[in-house]
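Each remark here refers to the structure printed beneath this line.
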Amino acid sequence: MQDRYLSRGKREDSGEWAIGSLTQDNDGNYFIITRMLNEVTCCGECCMPYFEYHKVDPATIGQCAGLEDKNGKLIFEGDILRGGTEYRKTYGDPEVEYGCYTDVEIDALKYNSCPETNEDHDVIENLDSVNYGWYLDSKDYGESGIDPEYINIFEVIGNIHDKEQSN
């Protein structure tokens, strides 16, 4: 489950994806640290390792869901998944998101607010609060929580940032 702490973002210098630890400098720039190098610099009693890192476009940053698709590929926020033929007929190709959602499987709705943003949302009447966490957002159908037991029916076919999807 250590993968859930990984982040991904598109490098500003090359447009390639960088995967690793997300950090931000004092100027508000975002970087992904991809690996620690064998070099170390010391000044007095303090020694610091050197890291390989890349400046990334903040609009493309996504956290790892800590789950793998049916091919063993890590799933990140913003990925587009494809299920089997029957799933696709009903739901299309959903995007992976993180935040507040209402599960479309239940019809009875009432008014409530999201704990993350305090924005008002329609939520399911028989729940105490809004669902919060990883979910699939199907533009054709709606939102549904990710069940780790069934995620292996999906494969990552692209993401919302470069829309490279296979048919």
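Every number here is computed from the coordinates shown, using simple stated rules; none is lab data. Everything numeric in this text was worked out from a predicted model, so none of it was measured. Positions of Cβ are backbone-derived with ideal geometry, glycine not excepted, and every protein chain shown enters the neighbour counts.
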Exercise. Which cross-chain or sequence-distant (5 or more) residues have an amide H under 5 Å from the amide H of Tyr53, H modelled 1.01 Å from N in plane?
Worked result: Thr34
Problem set entry | Nitroxide proxy distance, nm - points 7 Å out along Cα→Cβ at Tyr150 and Ile19 | 2.6
Seminar exercise, completed: Note: Tyr50 to Asp162 extended length (0.36 nm per residue) minus current alpha-carbon separation gives 37.2 nm
Seminar exercise, completed: Taking alpha-carbon centroids only, segment 15-87 lies from segment 137-151 a number of Å equal to 24
Exercise. Hey, any idea what Rg/Rh is for segment 2-59, computing Rh the Kirkwood way over Cα pairs?
Worked result: 1.04
Exercise. Roughly how many nanometres apart are two label points built 7 Å out from the Cα toward the Cβ at Asn29 and Asp137?
Worked result: 2.9
